[in-house]
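Below is one structure; the comments refer to it alone.
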2 protein chains.
Amino acid sequence: MIRRDGILLTDLYQLTMLQTYHDCGMTSTAVFEFFVRKLPPNRNFLIAAGLEQVLEYLESVFITPEELDWLARCGRFRKDFVDSLADFRFTGDVDAVAEGTVFFADEPILRVTAPIMQAQLVETRIINLLQLQTLVASKAARCVLAAPGKLIVDFGLRRSHGAEAGLLAARASYIAGFQGTSAVVAGALWDIPLYGTMAHSFIQAHESEAGAFEDFARSHPTNCVMLIDTYDTEAGARHIVQLADKLRRDGIEVPAVRIDSGDLADHARKVRAILDSGGCGRIRVFASGNLDEYRLRELLAVGAPIDGFGVGTRMNTSADHPYLDCAYKLQEYAGQPRRKRSEGKATWPGRKQVFRQSANGIYHRDMLTTTDEEPGGEALIVPVMREGRRLAPSPPLKKVRDDTARQLDRLPAALRSLDPAPAYPVIVSDKLRQAAAAVDLRTRSA
Amino acid sequence: MIRRDGILLTDLYQLTMLQTYHDCGMTSTAVFEFFVRKLPPNRNFLIAAGLEQVLEYLESVFITPEELDWLARCGRFRKDFVDSLADFRFTGDVDAVAEGTVFFADEPILRVTAPIMQAQLVETRIINLLQLQTLVASKAARCVLAAPGKLIVDFGLRRSHGAEAGLLAARASYIAGFQGTSAVVAGALWDIPLYGTMAHSFIQAHESEAGAFEDFARSHPTNCVMLIDTYDTEAGARHIVQLADKLRRDGIEVPAVRIDSGDLADHARKVRAILDSGGCGRIRVFASGNLDEYRLRELLAVGAPIDGFGVGTRMNTSADHPYLDCAYKLQEYAGQPRRKRSEGKATWPGRKQVFRQSANGIYHRDMLTTTDEEPGGEALIVPVMREGRRLAPSPPLKKVRDDTARQLDRLPAALRSLDPAPAYPVIVSDKLRQAAAAVDLRTRSA
């Protein structure tokens with residue numbers, strides 16, 4: 001079987017390079033690190049996420065007979081090389097920051113140490129998995145910071161980029177502080193709380209809106225959030241008031257209404273007034289539709305009486321910047337530090353560590369160092385896999401989420417703002433600068 | 001087994017609505033249509049793509065015992081409803097425009113006609129699949145139009161949003177006119193031509209750049225495209241010239257070099273000069289790095305001597321607008337046309353057809369009509385599935401790609417430009433306007 005998310009989900013050049021490594025007997029240990037070169041314009045920090053899926057991938061990566069056969073037949077590779085892939089497994093080491101860790105430009109969040117063929121072949125999928133969840137968690141965290149104390153739920157599955165993007169965006173946004181998601185499979189796989197109401201089609205399929213509300217309430221007596229904007233939002237709210245007494249007599253409380261179109265602040269105020277004057281003060285107002293951190297901030301700034309938000313598309317596609325300038329770069333081969341010097345893409349060589357130093361409980365500065373320095377502070381990069389096996393089971397997602405919230409609390413206030421802040425200080429150690437100079441001297445003379 | 005891309009890859013509200021349909025005995029036929037409400041600011045047209053994956057999904061959708069069990073245990077659904085899903089299959093009809101069809105705002109590209117529970121439950125995945133490929137094909141077509149006659153290859157897998165996004169972006173960009181992709185699995189599954197060279201890590205892992213080039217050439221004597229910007233682009237080009245004679249004596253021709261950083265136009269000119277004066281006039285120059293349609297246009301406008309381009313991240317995340325304002329809306333239930341009137345989101349009711357009218361071989365205007373009108377022109381929406389079965393095998397991807405190219409040729413010149421053009425005329429028929437008014441009258445009085 002040729003799997004859509006198997007070992008062939010890689011760039012062709014990984015395999016062409018592997019054939020040459022094979023031909024030349026290049027089997028030494030390589031060290032690659034994943035980092036982001038530059039933060040997007042409207043991000044003051046990033047949140048690391050996706051390590052769990054990377055480790056799952058590395059633990060289980062293999063090649064099927066059909067995939068081997070395809071490689072042998074595709075006309076690009078020699079048989080002796082293809083045969084050498086038959087028992088491909090990842091047997092290397094991984095060091096990484098915990099999921100949910102705040103990080104900044106140039107700071108590695110994952111290090112792979114393995115025979116070069118292994119470390120090279122997994123590059124594409126590692127970037128593919130780490131970028132997506134880091135991108136989404138970082139955007140989602142901004143939504144959480146924009147609406148403190150509010151219920152925020154991921155509604156983005158339908159406009160995410162394919163199945164995996166939808167599923168992993170639900171996970172990443174939950175880590176960042178969303179309370180849940182509409183994506184059922186994320187609830188089934190990871191016990192992420194699920195939220196959902198009804199669609200306009202449900203109202204339209206009924207002869208009357210009031211009839212649709214009543215059918216839904218009787219079918220879901222303990223959880224009937226009502227969508228009220230299919231035809232006329234305020235008329236919808238009045239239908240709810242008219243129905244509420246009747247339902248209450250049967251023991252059914254409508255918990256909330258949802259508004260999904262128009263001027264959300266204006267509608268929310270009118271709906272709130274209709275509900276309150278109709279004796280429905282306990283029914284909450286939930287809003288959705290083209291929301292992101294900026295819209296959340298605006299709605300709260302004008303005092304819109306909205307209790308919760310469904311945030312979808314713009315969050316889980318990270319719509320203002322849907323990618324990270326990230327890379328997985330060779331830092332060492334056969335015991336020697338390596339460095340790329342391409343313009344605008346130069347890297348710090350060798351194995352690195354990040355130390356986070358705090359003052360009064362607030363993050364003060366980071367030190368980017370070699371792995372044999374101890375400048376003080378918390379060392380963020382820790383061993384997670386040795387010889388292809390995880391060192392410990394993954395922490396529960398709920399714990400990752402709690403740890404993330406604590407980290408957001410410790411960010412300097414300027415970084416927590418939606419507006420661009422001066423860059424958080426990341427100090428490159430003298431020893432690392434000297435190492436870079438030494439590598440340059442060696443490779444320039446080569 | 002709970003599948004990551006199975007029936008639970010849906011929004012919770014689909015299932016809550018289904019329980020109510022079940023409770024109320026609402027089993028009549030529903031008609032849903034998928035369309036884009038509004039084109040993104042920098043798109044003069046869209047290219048429909050993703051139908052193949054939608055049909056695959058509808059033909060094979062079912063629920064596993066473990067998924068049923070999870071639904072029964074999750075505390076939200078009654079047993080009689082969950083039991084009713086056990087033999088869930090899609091038995092409805094699909095009418096759609098062919099993949100690769102140019103389309104505009106408000107024009108349906110897919111219609112589902114099925115019992116309402118079926119048509120509703122598949123909504124999330126249908127949008128998820130159609131949006132992604134339509135988004136990517138539409139962006140990729142702009143790249144193709146910006147660089148006519150040039151080799152353009154998808155390099156975006158690593159920064160696409162997950163596995164499925166990477167795979168399907170390779171497919172969508174190929175439909176739009178890209179010549180191939182770096183994503184190996186897309187070659188293995190669909191025979192899309194594969195392209196790939198080497199990474200900077202390959203050069204860095206060697207003691208010298210020249211040594212890396214020679215190793216690669218001997219390992220890939222018929223296809224050794226060389227990446228020359230790891231340390232110093234022009235020095236890299238000189239290494240190629242020095243090596244070319246030696247390789248030629250062994251029957252190895254270097255087909256191309258790749259530049260991936262810095263000022264691509266400037267480097268390309270210098271590299272071209274070094275190659276030409278070194279007797280390597282037949283070696284082509286390939287460029288990559290942060291490219292999109294605008295950068296392609298700039299590079300060609302300044303006459304950069306570049307023969308081919310690797311276009312990744314910005315194309316396959318559709319970075320300037322990574323989502324479509326698309327919807328899958330109920331248009332008819334139990335034989336009666338339906339319409340949503342939410343502000344800014346009103347829809348045209350009933351089953352619709354799009355007729356495309358040409359003048360001198362160039363698209364002139366579209367007519368959006370009911371399905372019982374014949375205003376002349378080509379009817380774009382055709383039957384593709386009946387009672388859950390496809391009416392014909394899918395056309396080969398190569399044919400879809402050729403048809404797409406012919407459609408791009410027939411677009412008015414202003415729409416083919418990268419700059420925003422006046423909207424292509426889509427005329428709503430009088431009969432459709434009357435139908436909308438009739439629905440409004442009926443639902444207002446309800």
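The values are calculated or read from the model by the stated rules, or taken from the named source; none is laboratory data. Everything numeric in this text was worked out from a predicted model, so none of it was measured. Here the Cβ positions follow ideal geometry from the backbone for every residue, glycine too, while neighbour counts run over all protein chains shown.
Taking the criterion of being acidic (Asp, Glu) and within 24 Å of A:Phe90 (Cα to Cα), the residues of segment A:331-388 that qualify are A:Glu332, A:Glu387. All conditions in (1) touching a residue at least 60 places away in the same chain (Cβ under 8 Å); (2) away from every other protein chain (no Cβ under 13 Å) hold for B:Asp292, with the sole exception of (2).
Could you tell me which of the residues B:Thr29, B:Thr10, B:Thr16 is more than 9 Å from chain A (Cβ to nearest Cβ) and not small (Gly, Ala, Ser)?
B:Thr29
Evaluation of A:Ile203 against the conditions (1) facing another protein chain (nearest Cβ under 8 Å); (2) hydrophobic (A, V, I, L, M, F, W, C); (3) free of Cβ contacts under 8 Å to residues at least 60 places away in the same chain shows that the sole unmet condition is (1). Restricting segment A:178-191 to residues that are touching a residue at least 60 places away in the same chain (Cβ under 8 Å) and surrounded by 23 or more Cβ atoms within 10 Å (Cβ to Cβ), the residue that is farthest from the other protein chains (Cβ to nearest Cβ) is A:Phe178.
Regarding B:Ser219, is this residue surrounded by fewer than 21 Cβ atoms within 10 Å (Cβ to Cβ) and either within 10 Å of another protein chain (Cβ to nearest Cβ) or under 17 Å from A:Thr16 (Cα atoms) (or both)?
Details: surrounded by fewer than 21 Cβ atoms within 10 Å (Cβ to Cβ): yes; either within 10 Å of another protein chain (Cβ to nearest Cβ) or under 17 Å from A:Thr16 (Cα atoms) (or both): yes.
Against the criterion (surrounded by fewer than 21 Cβ atoms within 10 Å (Cβ to Cβ) and either within 10 Å of another protein chain (Cβ to nearest Cβ) or under 17 Å from A:Thr16 (Cα atoms) (or both)), B:Ser219 qualifies.
For segment A:88-134, a residue qualifies if it is within 11 Å of chain B (Cβ to nearest Cβ), within 14 Å of the chain's Cα centre (by Cα) and closer than 20 Å to A:Lys345 by Cα, and the qualifying residues are A:Ile126, A:Ile127, A:Asn128, A:Leu130, A:Gln131. Would you mind stating whether B:Leu194 is within 10 Å of another protein chain (Cβ to nearest Cβ), under 28 Å from A:Leu68 (Cβ atoms), modelled with pLDDT of 95 or more and in contact with a His (Cβ under 9 Å, 6 or more places away or on another chain)? Against the criterion (within 10 Å of another protein chain (Cβ to nearest Cβ), under 28 Å from A:Leu68 (Cβ atoms), modelled with pLDDT of 95 or more and in contact with a His (Cβ under 9 Å, 6 or more places away or on another chain)), B:Leu194 does not qualify.
Which residues, taken from segment A:245-256, are over 14 Å from A:Val285 (Cβ atoms) and small (Gly, Ala, Ser)?
Answer for segment A:245-256, where residues must be over 14 Å from A:Val285 (Cβ atoms) and small (Gly, Ala, Ser): just A:Gly251.
Look at (1) within 14 Å of chain B (Cβ to nearest Cβ); (2) part of a strand (DSSP E or B) and you find that A:Phe309 fails only one, number (1).
Within segment A:333-446, considering only strands (runs of 3 or more DSSP E) that don't extend past its boundaries, which have at least 1 residues that are surrounded by fewer than 20 Cβ atoms within 10 Å (Cβ to Cβ) and either in contact (Cβ under 8 Å) with a residue 60 or more places away in the chain or within 14 Å of chain B (Cβ to nearest Cβ) (or both)? So the answer is A:362-370, A:382-386, A:426-428. When segment A:268-285 is limited to residues that are touching a Pro at 6+ places or on another chain (Cβ under 9 Å) and not in a helix (DSSP H, G or I), the one that is surrounded by the most Cβ atoms within 10 Å (Cβ to Cβ) turns out to be A:Ile283. Does B:Pro148 count as surrounded by fewer than 24 Cβ atoms within 10 Å (Cβ to Cβ), in the same structural domain as B:Ser261 (by TED's automatic domain parsing) and touching a residue at least 12 places away in the same chain (Cβ under 8 Å)? Here the answer is no, as B:Pro148 does not meet what is asked. Among the residues of segment A:242-256, those that are in contact with a helix residue (DSSP H, G or I) (Cβ under 6 Å, 6 or more places away or on another chain) and outside any loop (DSSP other than H, G, I, E, B) comprise A:Leu243, A:Leu247.
Within the bounds of segment B:227-241, is there any residue that is buried (at least 20 other Cβ atoms within 10 Å of the Cβ), within 7 Å of another protein chain (Cβ to nearest Cβ), of a type outside the set (Phe, Trp, Tyr) and closer than 21 Å to A:Arg339 by Cα?
Start the filter on segment B:227-241 by keeping residues that are buried (at least 20 other Cβ atoms within 10 Å of the Cβ), which leaves B:227-231, B:233, B:236-237, B:239-240.
Subsequent filtering for residues that are within 7 Å of another protein chain (Cβ to nearest Cβ) retains B:229-231.
Add one more test, that the residue is of a type outside the set (Phe, Trp, Tyr), and what stays is B:229-230.
Now restrict to residues that are closer than 21 Å to A:Arg339 by Cα: B:229-230.
Scanning segment B:227-241, I find at least one residue that is buried (at least 20 other Cβ atoms within 10 Å of the Cβ), within 7 Å of another protein chain (Cβ to nearest Cβ), of a type outside the set (Phe, Trp, Tyr) and closer than 21 Å to A:Arg339 by Cα, so the answer is yes.
Confirm whether B:Ile203 is more than 24 Å from B:Leu408 (Cβ to Cβ), assigned to a helix (DSSP H, G or I), in the same structural domain as B:Glu234 (by TED's automatic domain parsing) and in contact with a Leu (Cβ under 9 Å, 6 or more places away or on another chain). Taking the combined requirement at face value, the residue satisfies it. Flag set for A:Pro395, criterion: touching a helix residue (DSSP H, G or I) at 6+ places or on another chain (Cβ under 9 Å) and under 30 Å from A:Trp190 (Cβ atoms).
So that you can scan it fast, the table gives a plain yes or no per residue for (1) touching a Cys at 6+ places or on another chain (Cβ under 6 Å); (2) of a type in the set (A, V, I, L, M):
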{"residue": "A:Leu55", "(1), (2)": "no, yes"}
{"residue": "A:Thr64", "(1), (2)": "no, no"}
{"residue": "A:Thr113", "(1), (2)": "no, no"}
{"residue": "A:Gln131", "(1), (2)": "yes, no"}
{"residue": "A:Thr134", "(1), (2)": "no, no"}
{"residue": "A:Ala140", "(1), (2)": "no, yes"}
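Of all residues in segment A:41-76, those satisfying the criterion of being touching a Ser or Thr at 6+ places or on another chain (Cβ under 8 Å) and within 14 Å of chain B (Cβ to nearest Cβ) are A:Ala49, A:Gly50, A:Glu52, A:Arg76.
Evaluated against (1) within 30 Å of B:Lys270 (Cβ to Cβ); (2) within 14 Å of chain A (Cβ to nearest Cβ), B:Ala327 falls short on exactly one condition, (1).
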